[in-house]
Amino acid sequence: MVNDSAKIISRSEWGAKNSKRPLQSFTVNPPSYVIVHHSATPSCVTKDKCTTVLQALQNFHMDNREWNDIGYNFLVCEDGNVYEGRGWGKIGAHALRYNSNSIGICIVGDYVSTSPNDSALAALKTLIQEGVAKGHIKRDYKLLGHGQVGATECPGGALYNEIKTWKQWSPTP
C-alpha cells in the first residue's frame, strides 16, 4: 500500500553541502521522464545511517566527479524516507542526454541481485505519484531504468525487473 504523501527529508535535515554553483532549472517543465537508479553502495535503514551514506555520496559526486552537487533529484532509502537531492524543477547529473528532461531518483543500495525493501519501493511510488499530482512530472511520463539510456547495469537487475512491472514503465525511451 502506498502512503498518502512522501516523507521528504530536506537538504538541510540530512546535512547536504551547498551546490558549487546555482543549479539550472528545467527549461521544459514538467519533465517527461523518471529515471530510476541505485547507488551501488550499502543500503541503510535508519535516518542517521542514511544521512552518513548521502553525505559520502554527495562528496563523491562533487569531489571525485567534480559535479556541482549530488547528481540525483531525490534519493530513497530503505528507512522509507525520501531525501531531497537537487529537488523538483532542477536539472540533475544522472543520465547523460536525459538530464534536462528527467527526474533522477536513486534508491540507496545495491540491487543487482536483491530488490529494495517494501518501504523503499512504497516511498518511490509515492514520490512519483506526488510529483505527477503537483505538476512536477508530466502526467504521461515514461519510467525508465538508468541502463535504458546509458551503458550501465544501474539500477541493478533486481530493481530493474521490479520497475518493469509498474504501469508507467516504458520499454523504449
With a 1.4 angstrom probe the carbon and sulfur portion of accessible area for the range 36-85, in percent, totals 45 percent
What is the Cα coordinate range of the range 1-56 on the first, second and third principal axes, sorted by size from largest, in whole angstrom? 37, 36, 23
Kirkwood Rh over alpha-carbon pairs of the range 65-105 plugged into Stokes-Einstein at 37 °C, 0.692 mPa s gives a D in µm²/s of 313 µm²/s
With springs only between Cα atoms under 10 Å apart, run a GNM on the chain and tell me which of Ile103, Ile163, Ile137 wobbles the most. Ile163
Please work out the ratio of the alpha-carbon Rg of the range 105-173 to 2.2 N^0.38 Å and round it to two decimals. 1.09
Show me the ranking of peptides 67-76, 112-121 by mean Cβ neighbours inside 10 Å, starting with the highest. 67-76, 112-121
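What whole-number value in Å² describes the accessible area per residue of the chain for a 1.4 Å probe?
48 Å²
May I ask for the Rg/Rh ratio of the chain, computed from Cα atoms with Rh as the Kirkwood radius, given to two decimals?
Rg divided by Rh gives 0.92.
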Loop-resident GluC sites (Glu not before Pro) in the range 7-103 with no more than 16 other Cβ atoms inside 10 Å, DSSP not H/G/I/E/B, are Glu66
How about the range 112-145: which trypsin sites (Lys or Arg not before Pro) there are in a DSSP loop, with at most 11 other Cβ atoms within 10 Å of their Cβ? Lys134, Arg139
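The values are calculated or read from the model by the stated rules, or taken from the named source; none is laboratory data. It should be emphasised that the depicted structure is a prediction, and the values quoted were computed from it without experimental measurement. Backbone-built Cβ (ideal geometry, glycine too); neighbour counts: all protein chains shown. The accessibility values were calculated without ligands, DNA or RNA, using every heavy atom of the protein model including side chains. Shrake-Rupley method; radii C 1.70, N 1.55, O 1.52, S 1.80 Å.
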